[in-house]
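Taking it in order: structure first as structure tokens, then the write-up.
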Amino acid sequence: MKRVAISTLGCKTNQFESAAMIEQLEAAGYRVVPFTEPSDFYIINSCTVTARTDAETRRLIRRARRLNQGARIIATGCYAQVAPGELEKMPELDCVLGNQEKQHIAAFLESAASSVADIADLRLAEPLKLTSFAEHTRAFLQIQNGCNSFCSYCIVPYARGRSRSVLPDDVLQGVRDFAAGGFKEVVLTGIHLGAYGSDLPSPTTLTDLVRVIDAERIVPRLRIGSIEPNEVSTELLDMMAGSAGICPHLHLPLQSGSDSVLERMGRPYSSGFFRDLMARISAALPEAFIGADVIAGFPGETEHEFEQTVRLIEELPFSDLHVFPYSSRPGTRAAGMPGHVNSTVVTVRAAQLRSIAKRKKAEFLAGFVGKELSVLVQGHDAAAGVCRGLARNYISVSCAGDAVLVNQEVPVLIRECSGEICRGVQTRALTSFIA
């Protein structure tokens, strides 16, 4: 049995696609091994968000060659899609495959030629087949790919193509397949998730799709991945507030709290719009986990503009932040903008935002001490007799319990919170809670 090793860089979409490739390769008779071990094939599923991630892909290619001089080494993913010629110059690399070729990785694995389809020509998202995840409790379902936004700092539209959606019937079947496999939670993901359905022959929306999935109660818990601020409708919030199955959790790409920076980024909203949106979310979902992405040190960002971002974040009820120090990506409009911020200043600003994020998360978690949360148990530490899991509002929780609780949803009374996790005790017997 030939061995295959896969290393994945970047976003949840890439992680989903790597999991789908693994499943496809195992079905074709290959044995998947860790990337650190000798293998007959090495696949690097690349990211190209920044020049730094490009460099990490090249490092992994060279590492794979050192692990096995006779192995076949393949690069795929976003870096492979936008710069195949650059990668093909590497003597350690045997083959370059684009993002579309991932769909049929088993057929391309031993092919002699590279293949990178023009992804800009694609108009429909072909669903990747995936029925299992290592976690065995939560599953990610890719329902959309590509992006039409062309933000000034982002290479993704060139790497992923135009926005295209998986047909609703295929999405529903994907959710049903996960439910049949025993998964208790499905996370809907995409590159530009809020654009779902606008490109289909019979246009629809993400809200319409979520409503259908929720009405069928196919799985106990449905979670929505990252969604653009201007695509969070009142209709969607009302539906989430009235649903027993949709998790109260939103992740919003804010990127900056300065209107002038947002304009240079090409973002289609203002800080005032975002402030109003957060008020609407808090009113509809008072216990929701609200995460956000923020970029520190965008080209031309002045001290005043950065302080505007700090002030907005301090004032709003964020539960956590993903902070990204700006890193120039060749091929984007931002790369050619004047006023690139000194790297030391960028690092200092990112550290300040992370410090605020840490404090705001601690405050958010502390608000649940003395409250009961419904926790999907994901793992069990036999030595400590402790279960760990995830609440519906994305809080990590641990409590005493047995392995039988894994992949069950149990009520936990929160006693204390510290760092990234809350700890508590079960409040009712499992059988009575399920009933």
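The values are calculated or read from the model by the stated rules, or taken from the named source; none is laboratory data. This one's a predicted model, so the numbers in the text were calculated from it and none came from an experiment. All Cβ positions, even for glycine, are placed from backbone atoms using ideal geometry, and neighbour counts span all protein chains on display.
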Q: Provide a single number: the residues in the range 1-29 that are farther than 18 Å from residue 75 by Cβ and part of a loop (DSSP other than H, G, I, E, B).
A: 4
Q.
Kindly evaluate residue 416 against the criterion of being closer than 27 Å to residue 314 by Cβ, charged (D, E, K, R) and not assigned by TED's automatic domain parsing to the domain that holds residue 291.
A. yes
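If you take the residues in the range 72-93 that are touching a Phe, Trp or Tyr at 6+ places or on another chain (Cβ under 9 Å) and surrounded by 20 or more Cβ atoms within 10 Å (Cβ to Cβ), which one is farthest from residue 34 (Cα to Cα)?
Once the filter is applied, the top-ranked residue is 82.
Which count do you get for residues in the range 373-424 that are among the charged types (D, E, K, R), exposed (fewer than 13 other Cβ atoms within 10 Å of the Cβ) and within 24 Å of residue 288 (Cα to Cα)? Talk me through it step by step, then tell me what you get.
Taking the range 373-424 first, the residues among the charged types (D, E, K, R) are 381, 388, 392, 402, 409, 415-416, 420, 423.
Pick out the ones that are also exposed (fewer than 13 other Cβ atoms within 10 Å of the Cβ) and you get 381, 402, 415-416, 420.
Okay, now just the ones that are also within 24 Å of residue 288 (Cα to Cα), so 415-416, 420.
Result for the range 373-424: 3.
Is it the case that residue 189 is at pLDDT below 95 and hydroxyl-bearing (Ser, Thr, Tyr)?
Values: at pLDDT below 95: yes; hydroxyl-bearing (Ser, Thr, Tyr): yes.
Yes: the conditions hold for residue 189.
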Q) In the range 211-229, is there at least one residue being among the β-branched types (Val, Ile, Thr), assigned by TED's automatic domain parsing to the domain that holds residue 169, over 29 Å from residue 377 (Cα atoms) and over 17 Å from the mean Cα position of the chain (by Cα)? A) no
Q) Pairs, please: C-beta under 6 Å, at least 6 apart or cross-chain, first residue under 21 Å from residue 371 (Cα atoms) and in the range 282-302, second part of a strand (DSSP E or B) and among the aliphatic types (A, V, I, L, M)? A) 290/250
Q | Verdict on residue 293 being over 15 Å from residue 347 (Cα atoms), surrounded by fewer than 16 Cβ atoms within 10 Å (Cβ to Cβ) and within 20 Å of the chain's Cα centre (by Cα) | A | yes
(Q) Scan the range 252-272 and tell me whether some residue there is of a type in the set (Phe, Trp, Tyr) and closer than 22 Å to residue 187 by Cβ. (A) no
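Residue check: is residue 243 in contact with an Asp or Glu (Cβ under 9 Å, 6 or more places away or on another chain), outside any strand (DSSP E or B), closer than 17 Å to residue 223 by Cβ and not acidic (Asp, Glu)?
yes
So which residues in the range 320-368 are part of a strand (DSSP E or B), over 18 Å from residue 264 (Cβ atoms) and of a type outside the set (D, E, K, R)?
Of all residues in the range 320-368, those part of a strand (DSSP E or B) come to 320-325.
Cutting the leftovers down to over 18 Å from residue 264 (Cβ atoms) gives us 320-323.
Scanning the range 320-368 gives 321, 322, 323.
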